[in-house]
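Taking it in order: structure first as structure tokens, then the write-up.
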Amino acid sequence: MPPAHATRPPARYLLFPLLAALIWSVNMIVTKMAAGVIAPAAIGFYRWAMAGALLTPFALPGVWAQRRQILPNLPRLAVLGGLGMALYQGLAYVAAASTTATNMGIITAMIPLMTIGIVAVLLRERPSVMAMLGGLLSLAGLALLIGEGDPARLLSVGANHGDVLMGIGALAYALYGVLLRRWALPVGPWQSLYVQVGFGVLFQLPAFLMAPASPLNGDNLPLVLYAAVFPSLFAPFLWMQGVKHLGPNRASIFLNVMPVATVAIAAAFLGEKPHLFHIAGGAMALAGVMLAQMRAGRPAARPKAV
């Protein structure tokens, strides 16, 4: 029988993915708070520009040292930057104007399940029966949530615009995770993140220049700084440490903390009191995701910056 320490990592390692999940949960609240004080195109651009500037002295030497590995992979890094940095978070900032942080957190929790679906479609890897059942349970929970307790309401009224945008963004991030693992680029993680951030800034520049002026001020600067530092830099580091010490399967379990934490923080700081349909729909969606993850036999999407 192997010694206990061989199968049970020290408890302190559990803090790495837990803190990353909590940082990303707070970022959902920050995204919602930003909706009223800064234009979506502005915060998306400023966030990644600041993150890139902060990373430069640490990552740029490594980028130069790995330039021969990076140059032939620039198209793939551009796709990853477009999906993970520009499209996902850009849509989240737009969605925040017309949906709640609670809904955003629960929809984001569907990313691991969406990942299983994308793998089935693009890589033709058939999901297990339990994964498909988990998917159906999660979809039923989302219908209950988005339909505000009445799934049939979706047929007559349709889904909320913000919920749809958040769903598209989550799908983009699920594709980001699949491609990240599929391509397995021979580039260091921080160097890869730095180049992706650069492409994210580049892709968001046209929207930033065409959008109405939305300068930084005392109301929005703390939100931009939080988004640029904690979910963009600290959370990826913590997550990578968690995956290193715990493995991707065990670390991915902590992603299920995000919707619960987001609902609690939104209730405390935004006054978004959860209704019964939030609790029931969110519980169904989360249960489906957990079921699919446990039975799929594959690690969940490994996010770098939410």
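The values are calculated or read from the model by the stated rules, or taken from the named source; none is laboratory data. Fair warning: this is a prediction, and the values are worked out from it, not measured in the lab. In this analysis, Cβ positions are derived from the backbone assuming ideal geometry, glycine residues included, and neighbour counts consider all displayed protein chains. The area values use the complete protein model at the heavy-atom level, side chains included, leaving out ligands, DNA and RNA. Shrake-Rupley method; radii C 1.70, N 1.55, O 1.52, S 1.80 Å.
Below, the figures for the structure above:
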read-out	value
Cα-projected label distance for Val79 with Leu270, points at 7 Å along beta-carbon direction, nm	3.3
Virtual spin-label span in nm between Leu71 and Ala213, 7 Å along Cα→Cβ	4.2
Cα gyration tensor shape of region 3-108, rounded if a/c is under 1.5, else prolate or oblate by comparing a/b with b/c	oblate
Rounded if a/c under 1.5, otherwise prolate or oblate - region 49-206, Cα gyration tensor axes	oblate
Heavy-atom surface of the chain, accessible at 1.4 Å and reported per residue (Å²)	46
Max mean-square fluctuation residue, GNM over the chain, Cα-Cα springs under 10 Å, options Val119, Val30, Val178	Val119
Peptides ranked, highest mean first, by Cβ atoms within 10 Å: ranges 207-218, 80-91	80-91, 207-218
Label-point separation, Arg182 to Glu125 (7 Å along Cα→Cβ), nm	1.1
In Hz, Karplus ³J(HN,Hα) per residue of region 38-48 (6.51, -1.76, 1.60; θ = phi - 60°; x = Gly, Pro)	7, 5, x, 5, 6, 5, x, 6, 4, 4, 6
